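What follows is one structure encoded as structure tokens, with my remarks underneath.
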Amino acid sequence: VQLQASGGGSVQAGGSLRLSCTASGRTFSDYSMGWFRQAPGKERQFVAAVSWGPGRIYYADSVKGRFTISRDNAKNMVSLQMNSLKAEDTTIYYCAADYNRLDSGSAVRGAHYWGKGTQVTVSS
């Protein structure tokens, strides 16, 4: 599976950005999809994930109520709508795919597939 993320950029605090990740190479609907973030030299953090089947969704506490993850299997795409952005959301965001569930533990376990990161910068 190849993952291509897009949509990063710069925004002022309180603003919004939408990240998208397009997958190719395998049956997209077989995979859990998720977003993680990691600043250089820091630990990877789980952000959000959506399962392959019934669409169970998981969020990190730090983004609940502000971020929304969604998937469109017809377009092989997973998106992350980020609202009410804060300066502490500034970092590089990565899209991931896995046959198994993605959740906060995946930040340590890793995932089968990773896309290249996209930078999000929130200025206060």
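Odds and ends about this structure:
- When Lys86, Lys116 are checked against the criterion of being under 14 Å from Gly8 (Cα atoms) and open to solvent by 50 Å² or more (accessible area, probe 1.4 Å), Lys116 stands alone in meeting it.
- Among the candidates Ala48, Ala107, the residue that is crowded, with 16+ Cβ neighbours inside 10 Å and free of Cβ contacts under 8 Å to residues at least 60 places away in the same chain is uniquely Ala48.
- Of residues in segment 94-104 being outside any strand (DSSP E or B) and open to solvent by 40 Å² or more (accessible area, probe 1.4 Å), the one farthest from Arg71 (Cα to Cα): Ser104
- Here Thr91 fulfils each of the conditions (1) within 18 Å of Arg18 (Cα to Cα); (2) modelled with pLDDT of 95 or more; (3) open to solvent by 50 Å² or more (accessible area, probe 1.4 Å); (4) not hydrophobic (A, V, I, L, M, F, W, C) apart from (3).
- Of the residues making up segment 58-83, those that are open to solvent by less than 60 Å² (accessible area, probe 1.4 Å), assigned to a loop (DSSP other than H, G, I, E, B) and basic (Lys, Arg) number 1.
- Gln12 vs. criteria under 15 Å from Leu102 (Cβ atoms), among the polar types (S, T, N, Q), open to solvent by 30 Å² or more (accessible area, probe 1.4 Å) and at pLDDT 95 or above: no
The values are calculated or read from the model by the stated rules, or taken from the named source; none is laboratory data. Everything numeric here is computed off the predicted structure, so don't read it as measured data. Glycine also receives a Cβ, built like all others from the backbone with ideal geometry; neighbour counts cover every protein chain displayed. Accessible surface areas use protein heavy atoms only, side chains included; no ligands, DNA or RNA. Shrake-Rupley method; radii C 1.70, N 1.55, O 1.52, S 1.80 Å.
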